[in-house]
Amino acid sequence: MGRPTTRNLAEKLLISILARLFNYIPEAGVWMNTQRPEWNDANNALVGNGVSVVTLCQLRRLVAFCERLFRATPLEGFEVASEVADALRQVADVLVRHPVRAGGPISDRERRTVLDGLGTAGSEYRRRLYTGGFSGERVSLTVPELGSFCEVTLRHLDHSIRANRRGDGLYHAYNLMEVSEDGIAIRRLDEMLEGQVAVIGSGALSARECADVVDALRESRLYRADQNSYLLYPDRKLPGFLEKNNLAPEAVLGSAVVASMVEDGDDPIVVRDVNGAVHFRADLHNRHLLGRALAERHLSDAEAAEILALYESVFHHRAFTGRSGSFYKYEGLGCIYWHMVSKLLLAVQEVLASVAGDPGRRPWSSGCGSSTPESEMDSVSTRLPRSTVPCR
């Protein structure tokens, strides 16, 4: 404990993959539960409830690369720490026991079961390391076993990526997870440019499908014709102060408990102003404070849940992403960020190089053209934007 430990390349790659699979939620992405944002810290409020499709796509790219690397080796296998081997086999067992079905969605309950199984494997792996470190025991993982692990992982990742295709042809970048007794439900967020960049570079789509994404991108709210470039997120008008914290009249009239609170002048939860509009009390800054106030009123569980649901429908705190949804500068609303536009150009160029059979293509590129006929090269090139200006 506390001393550096040496690992081989195969082990380091597997640990990187497993660390993300421990937090994989089918059809949602990779759970952002580490209290840290990803590349785009303008979305830093997503940690905790957020699930990343962007990381899912990057993970898919890494697993595909490792599969090619492992199958190309003349070795029979690789020695890794027994803790790593055990974790890999537990993860593989969970994915095998919950196969994805082509075109068939995964239920909320099964989604929770898969996450629980993967999370248990991750917890056990961390427990062993934190309590005693690596034991020093080495175990051989054969190339066929590693290949099978990559195969079942790719089947899951590919299914989840395709499940995040939107009706307009774009792909979700981030989702929200909602845990209940019935499982894990998914809430979708608005489109983001980084989601399109990630899916184009993931290797999950054919070249023709990548071109469809670019076409949809040009027709989307992310495109600014006057700049001939792309926004990080769709621009929109934020509500003013007087437009916030307003309960709809039907919400008040349709709920006996809310209506009674409006008339309660003794430490009310909701109040009516001089114009007749109804609001939550000003000092109830979050659901925890609201929950505490509700507990003092000795409401039933159903009544408290009703008020908490109404509170969320008014403020949408769970869907708050950070600067990306509340600022007009600094990687916020209306911003064209040169870094992400450049990554879009790179992802598109990788697809074109793959389809063209370019021998200079990097071996870790997306592989989008690995099963795509070269005849599709013309289709891709003619449907991509002629120029994209990376401006700030």
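What to note about this one:
- Net dipole in debye of the stretch 9-189 [+1 Lys, Arg Cβ; -1 Asp, Glu Cβ; about Cα centre; nearest 20]: 400
- Shape analysis of the stretch 195-258 based on the Cα gyration tensor places the equivalent ellipsoid semi-axes at 40, 18, 9 Å, largest first.
- With Cα atoms, 0 to 90° folded angle of helix 287-296 axis to the chain main axis: 40
- Residue-span extension gain [Arg208 to Asn228] - 0.36 nm each, minus C-alpha spacing: 4.9 nm
- Dipole magnitude for the chain: about 1200 debye, using +1 per Lys or Arg Cβ and -1 per Asp or Glu Cβ, origin at the Cα centre.
- The stretch 12-123: projected area of the alpha-carbon convex hull, averaged over directions, in nm²: 8.2
- In this simple spin-label model, placing a label point 7 Å from the Cα along the Cα-to-Cβ direction at both Asn275 and Asp301 gives a separation of 4.0 nm.
- Largest first and in whole Å, the equivalent-ellipsoid semi-axes of the stretch 241-322 read 18, 17, 12, each the square root of five times a Cα gyration tensor eigenvalue.
- Estimated inter-spin distance, Ala19 and Val314, nm [label 7 Å along Cα→Cβ]: 4.2
- Once the Cα-Cα distance is subtracted from the 0.36 nm per residue extended length, the Arg187 to Ser140 segment shows a gain of 12.8 nm.
- Residues Thr131 and Ser180, FRET efficiency given R0 of 30 Å [Cβ-Cβ distance, rounded to 0.05]: 0.40
- Angle in degrees between helix 82-97 and the longest Cα principal axis of the chain, rounded to the nearest 10: 70
- Charge tally for Gly254 (other residues, Cβ to Cβ under 15 Å; Lys, Arg +1; Asp, Glu -1): -3.
- The stretch 302-332 versus the stretch 215-274: alpha-carbon centroid distance in Å: 9
- Between 0 and 90 degrees, the angle of helix 108-132 with respect to the longest Cα principal axis of the chain falls at about 70 degrees.
- Dimensionless Rg/Rh of the chain - Kirkwood Rh, Rg from C-alpha atoms: 1.03
- Per-residue extension of 0.36 nm, minus the Cα-Cα distance of Phe241 and Thr73, leaves a gain of 54.3 nm for this segment.
- Computed from the C-beta positions of Asp93 and Ala248, the FRET efficiency with R₀ = 45 Å rounds to 0.40.
- Farthest positive-ward along the stretch 241-322 dipole, Cα basis, beta-carbon charges - from Asn275, Ala302, Leu289: Leu289
- Residue among Leu62, Gly183, Val355 farthest towards the positive dipole end of the chain, charges placed on Cβ: Val355
- Placing dummy labels 7 Å off each Cα toward the beta-carbon, the span from Gln349 to Thr6 is 3.8 nm.
Read-outs throughout are calculated quantities, based only on the coordinates presented, and are distinct from any laboratory measurement. All figures in this text were calculated on a predicted structure; none of them were measured in a lab. Neighbour counts run over all protein chains shown; Cβ positions are idealised from the backbone, glycine included.
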